[in-house]
Amino acid sequence: MNYIKYRFTLDMHAVQSQISIPVTLGDTARTLYVSLSDGGLPYIIEDGCLAKIEIKRPTGTKLEDFCPIEKNTTIRYEFSQNENTAAVEGIHECNIVIYDTDGNKICTPRFTMVVS
């Protein structure tokens, strides 16, 4: 299987899905690199913050995984972290949740994955 790196930017304040990603059913070789912007300007994530991906599948089940933050700008999620990421066909609603050092949510930008 080819290892696919998918890079995109989400705005911190947009409340609707901002991008839709096509994914092949059963894909375990994809890595998402998500950068954030604040009104179109690059957003720097402070040291000590945490990032989590939340994926709501069409079945209603939810996957959650903490993700590393690279160079204070990019959240990395590897499908190999959870082999069930693309195990169900349909539209998956995804959130990237950023927590500050006190555990408060800073933002929750959204995107969708279309698994087929």
Have a look at the DSSP beta bridges in the chain and tell me what percent are antiparallel, nearest 5. 70 percent
Cβ-Cβ FRET estimate between residue 31 and residue 88, R0 fixed at 22 Å, reported to 0.05: 0.65
Under the 0.36 nm per residue contour assumption, what length would be gained going from the current alpha-carbon distance of residue 104 and residue 8 to full extension? 32.1 nm
Cross-chain or 8 or more residues apart, Cα under 21 Å: how many lysine pairs in the chain fit that? Count them up, please. 8
Enumerate the amide H contacts of residue 21 below 5 Å, restricted to partners 5 or more residues apart or on another chain; note that Pro and chain-start residues carry no placed amide H. 112, 113, 114
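State in Å² the accessible area per residue of the chain; use a 1.4 Å probe, count heavy atoms of protein chains only, and round to the nearest integer.
Values: 6380 Å² over 116 residues.
Dividing the accessible area of the chain by its residue count gives 55 Å².
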Charge dipole (debye, nearest 20) of the chain; +1 at Cβ of Lys and Arg, -1 at Cβ of Asp and Glu: 280 debye
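Only sites in a loop by DSSP and with at most 13 other Cβ atoms within 10 Å count here; which GluC sites (Glu not before Pro) in segment 40-76 make the cut?
Here the GluC sites (Glu not before Pro) that fit, given the DSSP loop and packing criteria, are 46.
Ignoring ligands, DNA and RNA, what percent of the 1.4 Å accessible area of the chain is carbon and sulfur?
Carbon and sulfur: 48 percent of the exposed surface of the chain.
The values are calculated or read from the model by the stated rules, or taken from the named source; none is laboratory data. Everything numeric here is computed off the predicted structure, so don't read it as measured data. Cβ: placed from backbone, ideal geometry, glycine included. Neighbour counts: every protein chain shown. The area values use the complete protein model at the heavy-atom level, side chains included, leaving out ligands, DNA and RNA. Shrake-Rupley method; radii C 1.70, N 1.55, O 1.52, S 1.80 Å.
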